[in-house]
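All remarks here apply to the structure that follows.
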Amino acid sequence: MDGKTRYYLIACGTSEYLENEYNGLPSVNTDIETVVNLFTQDFGYEQVLKDLQSNPKAEALKKQFADWLQNKDRCETDIVIFYYSGHGDYLPGDEHYLVMKDTIIDQIGTTVLLTKDLVRPLINKGVKISQILYIIDTCHSGAGAINVTNFALNVIQQYQPVEKKTNIAVHAIAACRAKQTANEGVFSNVLAKAVKKLSENVGLQTLGYINLDQLVDEIKQNNPSEEQHVQYSIAGTETSAKFLPILPKTLQTWEKKRQEFINTLSDILKNSLEENLFFINSFLLSSKFLEEFILDQQDLKDKLKDLSIKPVSDGICPLIACSEWCRQRFCDRDDRRDNSSLDKKIKQWQESISEYRKGVELDKIKEFVKKIFEEKFKPLIQEENLRIQIEIEPKVDSEKNTGLLTKLFLLNMNLWIESQKLPLGRFAENVLLELQSNSLRRCLEKEDFLSALIRKARYSLPEIAQLTIEIFLPLSSYQESLERICFNYGRKRKPLGQEYPIFINSFERYFDQDFREIRDEIFEKKKVLWRNNDPDSEIYYIGTEPSQSDLEKIEETKAIAVWSRNKSKPLVEGDEGHIKISEWRDWRHKVHELRKKEEDREITLFWDDLYPKPSRRCRPLNTKVVE
């Protein structure tokens, strides 16, 4: 496949219709799935405009398609396939139309989408694509294909600017003739079988393309029914159709070897899975090859597979680029003893996979990875609201089934990124904490456990990253000053709360079913704080360390609370610490400054974020025990 050519698929259809207007077509969803799998997995197409896939509205379809065509990323070598499945019929004058979800039979003229209107977005200025193939899988679609190519021939090609060397080549394949009806679910399957057969049988030594006339002949042979004849038309261009590239033997071998390479890379990365999930997510965030983050080991394999399907473009293979990102990030880590081993394994893997990825240039990939790290990842991290979320879950007695709390806790730690509403990385998963005393703080302090986890996340990021720490605690642990847990800061020991803005949150509020109704009430109170400079004191608390009964009241009724653990220096509104309820949005920063200045007054901030997105809970990676 030409490294400079990019292949895009738009697949949509209508399966649901207004009651008493048209029968539903449940097969449409299966048709779309078949076509998407065919072109993305076998030919490296990227599916775009996915939100139009199911039951799109006519105006949204035309507008979003037009916007996408005029995007600055489009170029004159881009190839596009537009597939549509659903009901289709004639208007008076032999105009073919597509029946939409909201089509009314008695208002056909204004509630349908003319098939040729799928071509109209090509008229707009700035459209640079090379070729487009419309595949119309509806009844009477032969008329639609003719409408498409005639419209393109008479309007589109005359509209193209003089300075453009070649016109956009417009092709159309119809599931049946103009006077025929299409059987549900037939065409998509026959199309897939015909394409795969021609891919295997046509000469594989040189790069070429399946001829669309030949494809239509093959479809007819596989579907000899007189009720449905496939048709192909073209808008008068002499340009060869390049929609279905026949893979040379090296790429055929890649398809056979791809899963083996994915498994090998997955095995390399899973040895340091928690860190590598963070590395891969940061790569996806910066590169935009995929929009979804990786959350666990199964996700890792799935996303590596998705990256392997992406075609090589300008020397860049997305899968190899991902491995290079992980390699470089590991090599940047000073505290890794196995850097050289992992570096060597990934390099060997890259060299072996390069034999099967035509057009790959490892030097270009290395430069690409360095560039997106410096130009995209660093600025993103600087702008983002990054939050270390530490979730401490009390463990109940499950062995004796008493339902009583034990001295055991489960700890999860995530690095959360606000714009994605997802964890960028997981740095601890279901770590079992066993308290030898009644102090959770001592357990977390032991052998520098908690501060080591936080440093691990911190040192994975560029130095410019600004972190906030949010600890989800059970009510029984609110009175422990976790902000005073010390960590190594150079040759000194320094409290966490003096280095990072730290606030606590209620574990029960977020993860206990009994708090669901209370949580909604607290959210409403938080909104009052958001917009009112002089709120009712009933929705916040300022003072000294609350008693256990006061803590229960705070957890159940207050939107926010701040207190001093030093009874001789209570916090009050407008004191020397400048704690003012009217400036509540800055409280976490103000409390951070107070912790730095007031060595003899320990400040705790109980904070209920207006937009909280705790990142739990996925399949556990492992279970560790800290005693």
### Accessible area of segment 345-388 divided out per residue, in Å², using a probe of 1.4 angstrom
57 Å²
## Note on the structure
For the chain, the longest principal axis of the Cα atoms and the Cα long axis of helix 362-372 enclose an angle in degrees, to the nearest 10, of 50 degrees
### Query
How high is the relative contact order of segment 84-130, in percent, counting Cα pairs under 8 Å that sit 6 or more residues apart?
27 percent
### Task
Can you list which of the GluC sites (Glu not before Pro) found in segment 390-490 are DSSP loop residues with at most 12 other C-beta atoms within 10 Å?
Glu399, Glu463
### Relative contact order (%) - the chain, alpha-carbon pairs under 8 angstrom, separation at least six
9 percent
### Message
With angles folded into 0 to 90 degrees, how steeply does helix 27-43 sit against the dominant principal axis of the chain? Use alpha carbons for both and round to 10.
### Response
90 degrees
### Message
Testing the spin-label approximation: label points 7 Å from Cα along Cα→Cβ at Arg491 and Glu517. State their distance in nm.
### Response
6.1 nm
#### Entry: Amide H within-cut-off set for Gly425, under 5 Å, with H built and near neighbours excluded
Leu415
### Message
A 26 angstrom limit on the alpha carbon distance is what I want to check against. Which of Lys303/Lys370; Lys494/Lys526; Lys62/Lys364; Lys193/Lys364; Lys50/Lys197 exceed it?
### Response
Lys494/Lys526; Lys62/Lys364; Lys193/Lys364; Lys50/Lys197
### Task
Would you calculate the separation in nanometres between label points at Lys179 and Leu91, each defined as 7 Å from the Cα along the Cα-to-beta-carbon direction?
2.3 nm
### Query
Where the only charges are on Cβ atoms (+1 Lys, Arg; -1 Asp, Glu), what is the dipole of the chain about its Cα centre, to the nearest 20 debye?
2100 debye
### Query
Convex hull over the alpha-carbon atoms of the chain: what's its volume per residue in Å³?
214 Å³
### Query
Between Glu260 and Asn150, what is the spin-label point distance in nm, taking each point 7 Å from the Cα along the Cα→C-beta axis?
5.4 nm
### Whole-Hz couplings from phi, Karplus 6.51/-1.76/1.60, listed for segment 127-133; x for Gly and Pro
7, 10, 4, 8, 9, 9, 10
### Message
Please list, by residue number, every one of the GluC sites (Glu not before Pro) in segment 248-314 that is coil in DSSP and has at most 14 other beta-carbon atoms within 10 Å.
### Response
Glu291, Glu292
### Task
Let me know the shape class of segment 1-75, please: from the alpha-carbon gyration tensor, a ≥ b ≥ c as square roots of the eigenvalues, rounded when a/c is under 1.5, otherwise prolate if a/b is greater than b/c, or oblate.
oblate
### Query
What's the FRET efficiency of Gln382 with Asn71 using the Cβ-Cβ distance as r and R₀ = 25 Å, to the nearest 0.05?
0.40
### Query
Among Ser354, Ser54, what's the order by accessible area (1.4 angstrom probe), most exposed first?
Ser54, Ser354
### Message
Name the residue from Ser130, Gly109, Gly88 whose Cα lies farthest towards the positive end of the charge dipole of segment 12-162, charges +1 on Cβ of Lys and Arg and -1 on Cβ of Asp and Glu.
### Response
Ser130
#### Entry: Per-residue [θ]222 nm for the chain (sum of -39500 (n - 2.57) over DSSP H runs n ≥ 4, rounded to 500)
-11500 deg cm²/dmol
### Message
Which of the three applies to segment 247-318, rounded, prolate or oblate, going by the alpha-carbon gyration tensor with a ≥ b ≥ c and a/c under 1.5 meaning rounded?
### Response
oblate
### Extension gain from Lys364 to Asn37, taking 0.36 nm per residue of separation minus the Cα-Cα distance
114.8 nm
### Message
Which three extents, in angstrom, do the Cα atoms of segment 84-143 have along their principal axes, listed largest first?
### Response
39, 23, 21
### Task
Write down the percent of antiparallel bridges among all DSSP beta bridges whose residues are both part of the chain, to the nearest 5.
50 percent
#### Entry: Loop sites in segment 450-518: trypsin sites (Lys or Arg not before Pro), DSSP, at most 10 other Cβ within 10 Å
Arg491
### Task
Could you tell me what percent of the DSSP beta bridges with both partners in segment 16-167 are antiparallel, to the nearest 5?
50 percent
### Query
With the contact rule set at Cα under 8 Å and sequence spacing of 6 or more, what percent relative contact order holds for segment 426-534?
23 percent
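The values are calculated or read from the model by the stated rules, or taken from the named source; none is laboratory data. Bear in mind the structure is a predicted one, so any value in this text is a computation, not a measurement. Note: ideal-geometry Cβ built from the backbone for every residue, glycine included; neighbour counts use all protein chains shown. Ligands, DNA and RNA are stripped out before the accessible areas are found, and what is left, the full protein with its side chains, is counted by its heavy atoms. Shrake-Rupley method; radii C 1.70, N 1.55, O 1.52, S 1.80 Å.
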